[in-house]
Amino acid sequence: MVNFYKAVLAASFFFASVFLHVAASEEISDQDFYGTYCVTDVERYRGGLTTREQALSRQHEIVLISEDEFSLWGEEVYERPLYRIAKHPIMTEEGEVPNYQQRFGSFYGHGVERETVVTFRAYNASAPNEGYVFEVVDHQLWLFLDGWFYKLEKKDLSGASNCDSVANQG
């Protein structure tokens, strides 16, 4: 009988923690992501047209996310961007192959311990089918782009001219 109560208590804690996690993730807003991000890590995860030199040159590059502007490495700029946050379950059935839109980092071996993936999408109103999809993992944004995995961290660049200055500080 004691084991039964322990099981009920454990299940209660489990469901309470799941409920709190789901409730907390549903309260995420675009403003939570506003800031300047630096590329802190670059890894190949599959084939693509981007060369190793091109991908590694993105180390310490800046991604700006704000209400007025989205800028990826200063090359792709959206004025008055649109953002969308979504939560996706990860397919766990053995033998099931997700379609292209369901292939998150876990499909390629990154963040496999997750049960769901939260994505943050930045796009331009004039091209709603284009844009960039970032996976939200802890306090980082992950970008999987043309065979390369870019890990981004939010930085305070006050007093620094670029991410290299911040990276050298620790």
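The values are calculated or read from the model by the stated rules, or taken from the named source; none is laboratory data. Since we're looking at a predicted model, the values are computed, not measured. Neighbour counts run over all protein chains shown; Cβ positions are idealised from the backbone, glycine included. Each accessible area value is taken on the protein alone, full model and side chains, heavy atoms only, with ligands, DNA and RNA left out. Shrake-Rupley method; radii C 1.70, N 1.55, O 1.52, S 1.80 Å.
Within the set Trp142, Trp73, Trp148, the sole residue that is buried (at least 18 other Cβ atoms within 10 Å of the Cβ), at pLDDT 90 or above and more than 27 Å from Glu27 (Cα to Cα) turns out to be Trp148. Filtered by the rule that a residue be modelled with pLDDT of 70 or more, open to solvent by 30 Å² or more (accessible area, probe 1.4 Å) and in contact with a strand residue (DSSP E or B) (Cβ under 8 Å, 6 or more places away or on another chain), segment 103-128 gives Arg114, Glu115, Thr116, Arg121, Tyr123, Asn124, Ala125, Pro128. Note on segment 30-51: among residues that are open to solvent by 60 Å² or more (accessible area, probe 1.4 Å) and assigned to a helix (DSSP H, G or I), the one that is farthest from Glu115 (Cα to Cα) is Gln31.
For Gln54, the requirement of being part of a helix (DSSP H, G or I) and at pLDDT 50 or above is met. Annotation: Val136 fulfils all but one of (1) modelled with pLDDT under 90; (2) within 14 Å of the chain's Cα centre (by Cα); the unmet one is (1). Is it the case that some residue within segment 89-100 is crowded, with 16+ Cβ neighbours inside 10 Å and at pLDDT 90 or above? Checked segment 89-100: no residue is crowded, with 16+ Cβ neighbours inside 10 Å and at pLDDT 90 or above.
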